[in-house]
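Single-structure report; data block below.
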Amino acid sequence: MLYRLFLGLLLFFSLNIIGQENYPQDEFRSPLDIPLILAGTFGELRSNHFHSGIDIKTQQRQGLPVFAIGNGTVTRIKVSLYGYGKVMYVAHPNGYTSVYGHLQKFAPEIEAYIKNKQYNKKSYEVEVFPDYGEVKVEKGKVIAYSGNTGGSSGPHLHFEIRSSISEKPTNPLLYGLEVRDATNPILNKLFAYPLSKKAQVNQSNAKVELNFSKQKDGSFLADKVTAIGTIGFGFAGFDRQDMAANKNGIYSVQLLVNGEIYTDYDFEAFSFTETRYINTLVDYDHYGKYRQKIQQCFLAQGNRLSIYNVLKNDGKIVVKDGLSYSVELLLRDLEGNLTKAIIPVEGKIEPLKIKKEETKTDTYVIAKKPNNYDLGAAKVYFPANTFYKNFYIDLKKGKDTVTIHNSRVPAHRNFTITFDASAYSKDERKQLFIARLDKKLQSSYASTYKRGNSFTTRTRNLGTYTLSKDTIAPKIRAKNFKEKQWLNNYSYLSVLISDDLSGVDTYSATLNGEWILMEYESKKNTLTYNFEDKVLTDKQYNLKVVVTDNVGNSSTLTSTFYRK
Ligand SMILES: [Zn+2]
């Protein structure tokens with residue numbers, strides 16, 4: 001009985017210390033048969049989201065065999081031009097689902113199964129949900145080959161382990177996969193934030209950067225901070241595993257005040273519904289200005305993340321005159337490598353030297369309420385809770401443009417911008433689209449919904465928008481073959497496609513009038529047809545490729561070749 005109690009307590013404490021549930025340790029194998037070197041960790045801070053898996057480096061190559069990490073059944077396969085590109089989901093009997101993304105292709109049987117769907121649907125992009133048990137896989141069998149498809153900027157395997165029921169992504173390194181890591185997390189910068197109305201840090205009412213230096217014991221010591229009122233801290237840093245220089249995310253962050261934990265969060269798991277709240281964990285204004293992500297160790301306005309294990313007083317410290325505080329920042333990776341910084345704080349009322357006032361405009365947005373604005377050229381509608389906090393928004397009316405503040409304020413929800421195109425003729429309207437203008441006035445296409453004279457886009461990007469015209473049809477040309485050529489030894493056909501202004505919307509290709517699958521790699525502007533797809537029995541072939549841009553301009557390439 002006592003022994004049981006002891007075991008129970010031991011389990012209770014060890015769970016509490018690590019803050020993890022029991023993830024199966026010996027059930028899964030590695031998805032690759034090379035040493036795991038990571039280009040990205042779970043929870044890593046990405047643009048508008050936390051990274052939901054690990055990115056495993058594939059030796060700068062594509063086509064490495066990808067293995068099922070356990071027995072299971074394929075529950076979903078998606079082929080997309082964006083996101084995970086070609087991706088496979090395998091549900092395992094232990095309640096977890098493994099996800100393999102940016103694949104080059106699937107193992108032959110699964111590839112044939114997907115090709116069949118693609119030819120039936122006459123579309124490169126498909127998504128299928130096989131019935132449970134329809135496509136089974138075995139632990140250690142090849143299920144696919146690694147690639148670079150979708151929104152991937154270099155060959156790697158994006159690998160996830162989700163809870164099958166909640167679909168919550170969990171940290172794949174909690175399942176006993178071996179990744180060598182003897183490197184401590186790296187602390188780049190420290191910041192102190194005055195948070196209450198009359199708070200100050202080092203005689204400033206705006207955030208200040210803190211100097212720190214390395215001590216003999218390896219920890220960092222910051223210069224003493226004088227402060228008064230409610231303050232918080234933030235840091236910029238990254239983690240590195242062995243064998244690679246990649247700047248990856250840090251697993252766990254703790255902030256202690258006089259030995260008491262004020263903030264404790266880690267990347268054990270999160271949910272997709274909360275991932276965009278990353279914009280409240282990082283100091284978004286700072287990110288907009290300097291492209292550097294400060295993780296705020298206090299709960300900023302609008303933050304609804306569930307990653308916190310402890311949050312005392314929202315991670316904020318109330319500094320009183322005459323008292324001293326020892327603030328400790330602890331950064332850990334999953335191997336327990338620790339980086340520690342100590343920030344001595346002294347409560348002191350001092351004259352304010354650096355005074356920063358909020359920039360005021362005519363328009364104060366109440367985040368909780370829906371807001372409508374008429375900006376001449378366009379109307380803007382922000383639904384309730386588009387923003388995380390109330391602020392003075394800068395709205396500018398141009399002759400043909402509208403400027404909605406700037407990109408340093410994040411929007412959580414989509415808002416709408418509606419242009420009136422009645423000044424244009426019906427023919428002109430066809431070629432018009434809503435464009436977002438960057439700082440250099442380069443325009444990019446914003447998905448434009450047209451209803452009569454009313455053109456609307458839904459976006460979460462603040463900035464400058466205008467109506468732009470695209471009169472030029474897409475360009476198409478053969479890449480690896482010529483007109484009237486014999487292509488007996490060719491294994492594939494390659495065609496280059498591009499569109500300057502509004503961008504490529506759709507494409508389709510036929511061979512002697514029959515639809516053929518061409519895989520679109522938008523990073524390389526190429527369409528590829530694989531001769532293995534069909535048994536060709538004719539001698540002369542007419543290839544026809546039609547490409548349409550986002551306003552409906554279209555181009556056609558026709559070419560004849562021979563093959564026997
Ligand atoms: Zn990834």
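For this structure, a couple of remarks:
- Qualifying residue in region 129-140 (condition: of a type in the set (Asp, Glu), closer than 30 Å to residue 334 by Cα, touching a residue at least 60 places away in the same chain (Cβ under 8 Å) and not in a strand (DSSP E or B)): yes
- Test result for residue 379, touching a strand residue (DSSP E or B) at 6+ places or on another chain (Cβ under 9 Å), modelled with pLDDT of 95 or more and of a type outside the set (Gly, Ala, Ser): yes
- Residue ID - farthest from residue 58 (Cα to Cα), chosen from residues in region 169-183 that are at pLDDT below 95 and touching a Lys or Arg at 6+ places or on another chain (Cβ under 9 Å): 183
- Residues of region 429-481 that are in contact with a Ser or Thr (Cβ under 7 Å, 6 or more places away or on another chain) and of a type in the set (Ser, Thr, Tyr): 443, 445, 447, 448, 449, 454, 456, 457, 464, 465, 466, 468.
- Candidates 89, 132, 113, filtered to the one that is hydroxyl-bearing (Ser, Thr, Tyr) and within 16 Å of the ligand (Cβ to nearest atom): 89
- Residue in region 178-197 that is in contact with a strand residue (DSSP E or B) (Cβ under 9 Å, 6 or more places away or on another chain), away from the ligand (no atom under 16 Å from the Cβ) and basic (Lys, Arg) present: yes
- The single condition among (1) surrounded by 14 or more Cβ atoms within 10 Å (Cβ to Cβ); (2) not in a strand (DSSP E or B) that residue 379 does not meet is (2).
- Within the option set 508, 522, 498, being of a type outside the set (Phe, Trp, Tyr), modelled with pLDDT under 95 and closer than 26 Å to residue 151 by Cβ holds for one residue only, 522.
- Flag for residue 226 being modelled with pLDDT of 95 or more and within 16 Å of the ligand (Cβ to nearest atom): no
- Considered as a group, the residues in region 151-168 that are among the hydroxyl-bearing types (Ser, Thr, Tyr) and more than 10 Å from the ligand (Cβ to nearest atom) include one that is modelled with the lowest pLDDT, and that residue is 153.
Each row is one residue, and each column tells you yes or no for (1) modelled with pLDDT under 95; (2) in a strand (DSSP E or B); (3) surrounded by fewer than 16 Cβ atoms within 10 Å (Cβ to Cβ); (4) in contact with a Cys (Cβ under 8 Å, 6 or more places away or on another chain).
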| residue | (1), (2), (3), (4) |
| --- | --- |
| 231 | no, yes, no, no |
| 234 | no, yes, no, yes |
| 237 | no, yes, no, no |
| 250 | no, no, no, no |
| 287 | no, no, no, no |
| 299 | no, no, no, no |
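- Boolean, residue 142 is over 24 Å from the mean Cα position of the chain (by Cα), away from the ligand (no atom under 16 Å from the Cβ) and either buried (at least 20 other Cβ atoms within 10 Å of the Cβ) or within 20 Å of residue 39 (Cβ to Cβ) (or both): no
- The set of residues in region 483-530 being of a type in the set (D, E, K, R) and either touching a residue at least 24 places away in the same chain (Cβ under 8 Å) or closer than 22 Å to residue 549 by Cα (or both) consists of 483, 484, 499, 500, 505, 519, 521, 523, 524.
- Search result, residues across region 390-419 that are part of a loop (DSSP other than H, G, I, E, B), touching a strand residue (DSSP E or B) at 6+ places or on another chain (Cβ under 9 Å) and among the charged types (D, E, K, R): 394, 400, 413
- Looking across region 45-69 at every residue that is in a loop (DSSP other than H, G, I, E, B) and within 13 Å of the ligand (Cβ to nearest atom), the one that is modelled with the lowest pLDDT is identified as 47.
- Yes/no for residue 77 being touching an Asp or Glu at 6+ places or on another chain (Cβ under 8 Å), at pLDDT 95 or above, buried (at least 16 other Cβ atoms within 10 Å of the Cβ) and in a strand (DSSP E or B): yes
- Residue 100 vs. criteria among the hydroxyl-bearing types (Ser, Thr, Tyr) and part of a loop (DSSP other than H, G, I, E, B): no
- Residue within region 200-214 that is more than 16 Å from the ligand (Cβ to nearest atom) and without any contact (Cβ under 8 Å) to a residue 12 or more places away in the chain present: yes
- Criterion (at negative phi and in contact (Cβ under 8 Å) with a residue 12 or more places away in the chain) met by exactly one of 308, 290: 308
- Just so you know, in region 480-501 the residues that are within 33 Å of the chain's Cα centre (by Cα) and of a type in the set (Asp, Glu) include one that is nearest to residue 530 (Cα to Cα), and it is 499.
- Candidates 15, 7, 11, 36: the one that is within 16 Å of the ligand (Cβ to nearest atom) and either modelled with pLDDT of 95 or more or over 24 Å from residue 278 (Cα atoms) (or both) is 36.
- Filtered residues of region 150-194 (kept if within 30 Å of residue 317 (Cβ to Cβ), in contact with a Phe, Trp or Tyr (Cβ under 9 Å, 6 or more places away or on another chain) and not in a loop (DSSP other than H, G, I, E, B)): 186, 187, 188, 189, 190, 191, 192, 193
The values are calculated or read from the model by the stated rules, or taken from the named source; none is laboratory data. Computed from a predicted model, the values in this text were never measured in an experiment. In this analysis, Cβ positions are derived from the backbone assuming ideal geometry, glycine residues included, and neighbour counts consider all displayed protein chains.
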